[in-house]
1. Roughly how many Å² of Phe95 are accessible to a 1.4 Å probe, to the nearest 10?
2. Work through the residues other than Asp226 whose Cβ is under 10 Å from its Cβ and net out their charges, Lys, Arg +1 and Asp, Glu -1.
3. With only alpha-carbon pairs counted, each pair once and no self-pairs, how large is the Kirkwood hydrodynamic radius of the chain in angstroms?
4. What ranking, highest mean first, results for peptides 263-269, 10-16 when packing means the other Cβ atoms within 10 Å averaged over each residue?
5. Could you tell me how far the Cα centroid of the stretch 171-242 sits from the Cα centroid of the stretch 1-53, in Å?
6. For a Förster distance of 30 Å, can you work out the FRET efficiency between the beta-carbons of Ser7 and Asp98, rounded to the nearest 0.05?
7. In a Gaussian network model over the chain where Cα atoms closer than 10 Å are linked, find which of Asn27, Asn199, Asn65 has the largest mean-square fluctuation.
8. Quick one: order His186, His70 from most to least accessible surface, probe 1.4 Å.
Amino acid sequence: MILTGRSRLAGVLGWPVGHSRSPRLHNHWLERYGIDGAYVPLPVRPESFASAVTALANLSFLGANVTVPHKEAALRVCDEVTSSARRIGAVNTLFFHDERILGDNTDAYGFIQNLFEGCPKWKATSGPAVILGAGGAARALCVALMDAGAPEILIANRTRTRAEKLADSLSQDSGGERLRIVEWGHWSDMLSGANLLVNATSLGMSGQPPLDIDLSALPGTALVNDIVYAPLETDLLLRARERGNWVVDGLGMLLHQAVPGFTGWFERTPEVDEELRHFVLEG
Ligand code: ATR
C-alpha cells in the first residue's frame, strides 16, 4: 500500500459494515494500479449518517459507497442525484465535488454489465425478461432492463402487492409501460417465451430455502442469472446450466457496480477480470 500526505481517500458507510467486500475489492485495485490511496470501512449508526457524510466531505474524502441500512437516507443528503439513483430510490455511491454531494446508484449498471460481459451473445432487446422478487435489488434490475430496451419486463413476487407498488412507482418513467406483474408460482405462464430469468429474491442464498421453480417452460435460448453469489452456483443456476441455458452468476454484479465509484474517485477505470473474481471470493 502506498500512503503519502497526498493520498486519495474513499470508503464504505454501513451499519454493520464488517461483511462488506468493498474494502477488499477497492484496495486490490489501488494496489494493482499503484495508486496513492486507501478505501476504508466506515461503520456508522443510522442516526449519525448525515453528520458522518458531512464529516467525510470536510475531511477531503473523494466520496464513499453506501450500504445497508443507509441507501435511502443517502438520497436525502445529496445536492444532486443521477437519474438511476432517483428511479431506484436509493444511492450507493457518493462523490464529493466542489462542496457538493453527488449521489449515484450503480446497481443497475453493475447488473447489466455483468450480463453483457458474462454472456456477450445475449441481447436485452430479444425478448421478455422475468424478474423474481420486488425488493430493492429487483427495483434496480427493472431500471436496468427498462434502459437496456427489454421489450417486456415481467415481475413475480410472493407478495403481489409489493410487485404492484414497484411497477406503479416506475410506470411514469421511460420504459415503465413495459412492466407487467405475473403471479408467483405460475411458472410456465411467465417463463414461456422468456429471454432472461433473474432471481432477485433471497431464495437460494446460503442458509435460505432454495428457489423451487419449474424451469420446463423456459426456452433453451434464455439467459439465467442469480443476484445471489453465495453460493456462487445456486441451485437455480445449476439446474439452468444442466438443461443447456446460458448462465451468469451474481458475483460480477458486485464487481461491476464498484467500477463507476473507483473511476470517479481515483481517476482510473479498473478492470473486472478472473483474477479479481478469485481474489474477492477468497476473502
Ligand atoms: P433486497 O432489498 O435485497 O431486494 P428485500 O427487500 O428483503 O431485499 O427483498 C427480498 C425479496 O425476496 C422479496 O422479493 C421477498 O418477497 P416478499 O416481498 O414476498 O417478502 C423475497 N423472498 C424472501 N423470502 C422468500 C420466500 N421464502 N419465498 C418467496 N420470496 C421470498
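The values are calculated or read from the model by the stated rules, or taken from the named source; none is laboratory data. Note that this is a predicted model, so its numbers are computed, not measured. Cβ placement follows ideal geometry from the backbone for every residue including glycine, while neighbour counts extend to all protein chains displayed. To get the accessible areas, we keep the full protein, side chains included, count just its heavy atoms, and leave off ligands, DNA and RNA. Shrake-Rupley method; radii C 1.70, N 1.55, O 1.52, S 1.80 Å.
1. Approximately 40 Å² of Phe95 is accessible to the 1.4 Å probe.
2. Details: positive: none; negative: Glu233, Asp235, Asp249.
Its environment carries a net charge of -3.
3. On the way: mean 1/r = 0.0513 Å⁻¹.
By the Kirkwood definition, the hydrodynamic radius is 19.5 Å.
4. Numbers: 263-269: 15.9, 10-16: 21.6.
With the highest mean Cβ count within 10 Å placed first, the list reads 10-16, 263-269.
5. Cα centroid to Cα centroid, the span is 33 Å.
6. Working: r = 20 Å, r/R0 = 0.68.
Efficiency, rounded to the nearest 0.05: 0.90.
7. Of the options given, Asn27 has the highest mean-square fluctuation.
8. Working: His186 95, His70 5 Å².
Descending accessible area places them as His186, His70.
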